[in-house]
Amino acid sequence: MWKFLNSFTGLAVLLFIIGAVGLVYGADAIRDPGQPHDPLLPWLYFGATALMIVNAILSVRHYEQKMKEQEQSSKKKEEARK
């Protein structure tokens, strides 16, 4: 479980909080200065949250796959030395 706690997950939590604030207080509460009014802005933050969660999962899986490949190649090298 702890392996999925990385910067992508932290960013997803922040984006979710911003989206929730936008739903509760209105889209104008999270709007940047000069940005036009967009009532769908909180939902864009929720979409970004989903993307960050997917990114967190994929990065951990990629790291685990690379570690398995390195472990297998080191075992093959050890067997070849014998």
**OP:** Select from the range 41-75 the residues that are closer than 21 Å to Tyr25 by Cα, under 13 Å from the mean Cα position of the chain (by Cα) and loosely packed, with under 15 Cβ neighbours inside 10 Å and list them in ascending order.
**Re:** Gly47
Subject >> Index of the failed condition, Gly34 passing every other in (1) on the phi > 0 side of the Ramachandran plot; (2) at pLDDT below 90; (3) not acidic (Asp, Glu) >> reply: (2)
Subject >> All positions within the range 2-20 that are out of contact with any helix residue (DSSP H, G or I) (no Cβ under 6 Å at 6 or more places or on another chain), aliphatic (A, V, I, L, M) and modelled with pLDDT of 90 or more >> reply: Val13, Leu14, Ile17, Ala20
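The values are calculated or read from the model by the stated rules, or taken from the named source; none is laboratory data. Because the structure is predicted, anything quoted here is derived from the model rather than measured. Note that we place each Cβ from the backbone using ideal geometry, even for glycine, and neighbour counts take in every protein chain shown.
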